[in-house]
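The values are calculated or read from the model by the stated rules, or taken from the named source; none is laboratory data. Here the structure is a predicted model, which means the values were calculated and not measured. When we count neighbours, we look across all protein chains shown, and the Cβ atoms used for this are built from the backbone with ideal geometry, even at glycine.
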Amino acid sequence: MEKMPMTPAGFDALKKELKRLKTVERPAVVQAIAEARLLGDLSENAEYHAARERQGFIEGRIGDLEDKISRADVIDLSKLSGEIVKFGAIVTLIDEETEEQVTYQIVGADESDIKQGRLSIASPLARALISKKKGDSIEFATPKSKKFYEITAVKFS
């Protein structure tokens with residue numbers, strides 16, 4: 001069973017979603033199924049089939065969240081430091097062709113949001129950055145071409 005690195009905030013978000021699914025969503029869908037059964041013939045009852053489909057989704061998501069929580073390796077970012085890019089690092093890059101600067105924090109897969117500057121540890125770009133340091137250049141293959149970045153800063157907050 002492979003551990004999944006994540007931040008405390010990401011871990012808390014998973015726990016909150018799991019709690020909501022178990023305490024709010026699951027009882028609501030059970031109630032919807034019970035009400036739909038009262039409407040009669042289940043073979044042609046759209047409300048019943050929709051509620052059962054929703055129940056399947058909720059149960060699947062609960063199982064997925066429980067698995068992720070059990071495999072979580074929660075990393076306290078306040079204890080991280082150094083000059084080498086690793087999980088939790090905030091990395092500033094400059095595109096060597098366009099001189100465009102971007103900054104990403106390397107986080108767990110379920111926490112990633114590229115628009116918020118949160119890059120999944122499992123992404124190809126993050127994998128290319130791991131173990132590098134300020135001043136290093138990396139080559140990163142995109143679907144269309146190869147990009148070249150220089151690491152201009154590595155910090156931990």
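Computed values, structure above
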{"quantity": "Filter result (within 10 Å of Phe156 (Cα to Cα), of a type outside the set (D, E, K, R) and out of contact with any strand residue (DSSP E or B) (no Cβ under 6 Å at 6 or more places or on another chain)) within the stretch 68-98", "calculated": "Leu77, Ser78, Leu80, Ser81, Gly82, Gly88"}
{"quantity": "Which listed residue is within 30 Å of Phe140 (Cβ to Cβ), touching a helix residue (DSSP H, G or I) at 6+ places or on another chain (Cβ under 7 Å) and in contact (Cβ under 8 Å) with a residue 12 or more places away in the chain, from Leu93, Leu80, Leu14, Leu18", "calculated": "Leu14"}
{"quantity": "Filter result for Gly56 (within 18 Å of Ile121 (Cα to Cα), of a type outside the set (Asp, Glu) and not in a loop (DSSP other than H, G, I, E, B))", "calculated": "no"}
{"quantity": "Given (1) under 20 Å from Phe11 (Cα atoms); (2) in a loop (DSSP other than H, G, I, E, B), number of the condition Ile106 does not satisfy", "calculated": "(2)"}
{"quantity": "Some residue of the stretch 68-89 being aliphatic (A, V, I, L, M), in a helix (DSSP H, G or I) and loosely packed, with under 12 Cβ neighbours inside 10 Å", "calculated": "no"}
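Quick grid of which residues meet (1) within 17 Å of the chain's Cα centre (by Cα); (2) within 24 Å of Phe156 (Cβ to Cβ); (3) assigned by TED's automatic domain parsing to the domain that holds Ala141; (4) among the aromatic types (Phe, Trp, Tyr):
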{"residue": "Glu53", "(1), (2), (3), (4)": "no, no, no, no"}
{"residue": "Phe57", "(1), (2), (3), (4)": "no, no, no, yes"}
{"residue": "Glu66", "(1), (2), (3), (4)": "yes, no, no, no"}
{"residue": "Glu100", "(1), (2), (3), (4)": "no, yes, yes, no"}
{"residue": "Ile121", "(1), (2), (3), (4)": "yes, yes, yes, no"}
